[in-house]
Amino acid sequence: MEKSILVELQYLPPIQFFSKLVKHPKVWIEQHENYSKGSYRNRCHLASAQGLLRLSIPLEGGKHQQQPIKEVRISNKENWQHQHWTAIKSAYGKSPFFEYYADGFLPIYKKKYTHLWEWNWDLLQQVLAYIPFENEIELTTQYDKHPSDDVLDFRNKISPKAQNNFEDTSFSPVKYNQVFEERHEFLANMSILDLLFCKGPEVIVMLERSVR
């Protein structure tokens, strides 16, 4: 039987993240960690007309390295939510399933948030409303530097920085048609939005195929 897995909460996580929700019967999401810079906690990757597009959420007072994750505050000096939604619509407005799913995400992008955790959590709940996972997803009750043997610790293993990425032998990206694939080569492991807007109800099948 597969172990449970422990991961951090990310901003519209990449496909690799969601492949864990298919593979493992129980997923623990870390809510008692400290913020770590250079991660998917405040950034996500889209496949746009210009190729790989990196979206980053501005934070108050810098990067908050080592601050409790639930205390990290978002900087709303600029209308970054509007900018991000405009980028998403530009990247996926012509995708097969954008109109079907967009209305679920738009209210979140119009609501003002003060904390990064709440923002990421609400977005994750919206994604989960569209993808029929059958496993358990729970939040940690405390921080354990060394989890028990029946838990696979995958915190900080899925990273936007190649040099920080752990060799994940259980994940193999599956190719599918992307909106701007004719302009660029296939871009693997984008945000779950890419797979959702491009494949719609087939998302769960694609995720299952990505698990080795």
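Residues being of a type in the set (Ser, Thr, Tyr), in contact with a strand residue (DSSP E or B) (Cβ under 8 Å, 6 or more places away or on another chain) and either under 14 Å from LEU193 (Cβ atoms) or surrounded by fewer than 14 Cβ atoms within 10 Å (Cβ to Cβ) (or both): count how many of those fall in region 97-142.
1
Of everything in region 55-82, what is surrounded by fewer than 15 Cβ atoms within 10 Å (Cβ to Cβ), in contact (Cβ under 8 Å) with a residue 12 or more places away in the chain and not charged (D, E, K, R)? Give them in sequence order.
SER56, PRO58, GLY61, GLN65, GLN66, PRO68, SER75, ASN76, HIS82
So, in region 103-131, exactly how many residues are under 16 Å from the mean Cα position of the chain (by Cα) and either outside any helix (DSSP H, G or I) or more than 28 Å from GLU30 (Cβ to Cβ) (or both)?
Residues in region 103-131 being under 16 Å from the mean Cα position of the chain (by Cα) and either outside any helix (DSSP H, G or I) or more than 28 Å from GLU30 (Cβ to Cβ) (or both): 1 in total.
With the structure loaded, tell me whether LYS175 is of a type outside the set (A, V, I, L, M, F, W, C), closer than 30 Å to PRO58 by Cβ, free of Cβ contacts under 8 Å to residues at least 40 places away in the same chain and exposed (fewer than 15 other Cβ atoms within 10 Å of the Cβ) or whether it fails that test. It would help to see each step written out before you state the result.
On the way: of a type outside the set (A, V, I, L, M, F, W, C): yes; closer than 30 Å to PRO58 by Cβ: no; free of Cβ contacts under 8 Å to residues at least 40 places away in the same chain: yes; exposed (fewer than 15 other Cβ atoms within 10 Å of the Cβ): yes.
Judged against the criteria, LYS175 is not a match.
Looking only at residues that are touching a helix residue (DSSP H, G or I) at 6+ places or on another chain (Cβ under 7 Å) and in a strand (DSSP E or B) in region 27-46, which one is surrounded by the fewest Cβ atoms within 10 Å (Cβ to Cβ)?
ASN34
Consider region 54-102. How many of its residues are closer than 20 Å to GLY200 by Cα, in a helix (DSSP H, G or I) and of a type in the set (D, E, K, R)?
First, pick out the residues of region 54-102 that are closer than 20 Å to GLY200 by Cα: 85, 87-102.
Those still in the list that are in a helix (DSSP H, G or I) too: 85, 87-92, 98-102.
From what's left, of a type in the set (D, E, K, R): 89, 99.
Adding up the residues that qualify gives 2.
Taking the conditions exactly as written (of a type in the set (Phe, Trp, Tyr), touching a Phe, Trp or Tyr at 6+ places or on another chain (Cβ under 9 Å) and part of a helix (DSSP H, G or I)), does TYR176 satisfy them or not? Give the steps one after another, and end with the answer.
Numbers: of a type in the set (Phe, Trp, Tyr): yes; touching a Phe, Trp or Tyr at 6+ places or on another chain (Cβ under 9 Å): yes; part of a helix (DSSP H, G or I): no.
So TYR176 does not fit the description; no.
Coordinate-derived values only; no laboratory data. The shown structure was predicted, so the numbers you read here are calculated from the model rather than taken from an experiment. Cβ atoms come from the backbone with ideal geometry, glycine included; neighbour counts cover every protein chain shown.
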